[in-house]
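*Asks:* The following block contains the structure, expressed as structure tokens.
Here, each number is a calculation from the coordinates, and none is a lab measurement. Nothing here was measured: the structure is a model prediction, and the numbers come from that model. Cβ coordinates were reconstructed from backbone atoms using ideal geometry, including for glycine residues, and neighbour counts include every protein chain displayed.
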Amino acid sequence: MRYNERELLSLARQPAEKAAEVLMRVPKKGSVLKKRLVKLVVNFLFYFRTDEAEPIGALLLEHCRITKEEENVFSISFVEEPERKYCFECASEEQCQEWVEALKRASYEFMRRSLIFYRNEIQKMTGKDPLEQFGISGEARFQLAAPKH
Amino acid sequence: MKLNERSVAHYATCDSPADHTGFLRKRVERHHHHAHHHTTSYQRCWFVLKGNLLFYFEERESREPVGLVVLEGCTVELCEAAEEFAFAIRFDDAGARAYVLVADGQAAMEAWVKALSRASFDYMRLVVRELEKQLEEACKSLAACRKSPQRSSSSSGRKRHLSNPALLPLQEKPVILENGYSMSGSSGGGGTPGGAACPDRDGGYVKPPPLPPRRRSAAGSTTGSPTPGFSPAMPDSPVSPETACFSKLHSWYGQEITVLRREWQERQKRGHP
């Protein structure tokens, strides 16, 4: 699958929501924990060797499951392959919890659900559709029940 | 740079809602070494926009996308290209090539340009934050609208099981809804709208409406619910003369009735213990 790597690299250089040095293990046979810089930018998690400016890789955070594992450790896996886990060991349990919370909210799908929720609540309370002002009230993606095709 | 391509491709083809789909012709530049010119041709592909990602497939039924355009940081503009209904996705980077796409007609082109311009993560985040604020304000003004509540029998005949007399103050702790996602929204401590309810979830916690102020109708008897023709401008009405306030009260009552009705139906189902 082709993709615009140049733009993704550019995105990796943007200011991050969250960044930290952690130990990371990829779901490959024989892989071990390695020191990495991880950086959350929009719905991507980039990971770098600590002394390099360009990331080794990126994880798109849609349809993923963030799991708190043992102490200081969390994992990211994807719905179609739940056993393949990317593991991250943080410096502290607190840092670990922060990352779990941040990553759970990092997807575009999460924001879409939030938007639909707030829209519904505001509509119930005020009788007005708050999306009218943005001119996007008619768009399918913001409806309460997404039509299944 | 590595990318979790298998998962990305799966996201493209799974049945999560697409924000926009359709056929577009994509300009393909081919370079000829011997001839010093580029030939321009167009390839018709099936495009699927999901969030800030634009996928394209060879055919509508293809199981895997041919390609992906990450849309963060892009601008979308109409094209002065030779083709009618052409538009371009461009990136800030001077060296970056633009994606020139051609729609089937004016309406299709406009719809795509509109959808793509609003596809960025930041745009979505902006809208969500704005709505968060609006909900907060709606809660506050609803609370302010309430006159001093009187827990009298002025509303007899209605079960007051939701007996909280006031809206709870805004909570700092995020509300955890199903699927393990929380509604704490922005990381800047924006807080959760305290008045938020989640009536769509079974057993979800529904914030009670504020107690209604005493109402005196012409007949002197109490009404179970506000009549649609109730005029907020009645001179001896203790209800605030602001229509906006009334409509809020009206929807709060409606909400409570919905909850009551649902609970009644559930009790019916359980065979009335």
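*Asks:* Tell me, what is the Rg over Rh of the stretch B:63-123, with Rh the Kirkwood radius over Cα pairs?
*Replies:* 0.97
*Asks:* Let me ask something else. When ranked by the protection proxy of mean other Cβ atoms within 10 Å per residue, highest first, what sequence do the peptides B:128-139, B:58-69 form?
*Replies:* Going by the mean number of other Cβ atoms within 10 Å, highest first, we get B:128-139, B:58-69.
*Asks:* What 222 nm value per residue comes from the helices of chain A, counting each DSSP H run with n ≥ 4 as -39,500 (n - 2.57) and dividing by all residues, nearest 500 deg cm²/dmol?
*Replies:* -8500 deg cm²/dmol
*Asks:* While we're looking at this one, here's another question. Please give the length that would be gained between residue A:16 and residue A:93 if that part of the chain were fully extended, namely 0.36 nm times their separation in residues minus their C-alpha to C-alpha distance (nm, one decimal).
*Replies:* Result: 25.6 nm gained on full extension.
*Asks:* For residue A:28 and residue A:80, FRET efficiency with R0 = 30 Å and r from the beta-carbon atoms, rounded to 0.05?
*Replies:* That pair, residue A:80 with residue A:28, gives E of 0.95.
*Asks:* Which entries of A:29/A:85; A:34/A:85; A:68/B:50; A:104/B:140; A:29/A:104 show an alpha-carbon separation above 22 angstrom in the structure shown?
*Replies:* A:68/B:50; A:104/B:140; A:29/A:104
*Asks:* Now, a different point. Net charge near residue A:76: determine it from the other residues with C-beta under 10 Å of the C-beta of residue A:76, scoring Lys and Arg +1 and Asp and Glu -1.
*Replies:* +3
*Asks:* Would you work out the relative contact order for the stretch B:5-119, in percent, from Cα pairs under 8 angstrom that are 6 or more residues apart?
*Replies:* For the stretch B:5-119, the relative contact order is 22 percent.
*Asks:* First measure r as the distance between the Cβ atoms of residue B:265 and residue B:16, then evaluate 1/(1 + (r/R0)^6) with R0 = 35 Å and state the FRET efficiency to the nearest 0.05.
*Replies:* Efficiency, from the Cβ-Cβ distance: 0.65.
*Asks:* Follow-up question, since we're still on this one. How long are the three semi-axes of the equivalent ellipsoid of chain A, in whole Å, if each is the root of 5 times an eigenvalue of the C-alpha gyration tensor, listed from largest down?
*Replies:* They are 33, 18, 15 Å, listed largest first.
*Asks:* Quick one: helix A:93-104 against the long Cα principal axis of chain A, what's the angle to the nearest 10°, folded into 0 to 90?
*Replies:* 40 degrees
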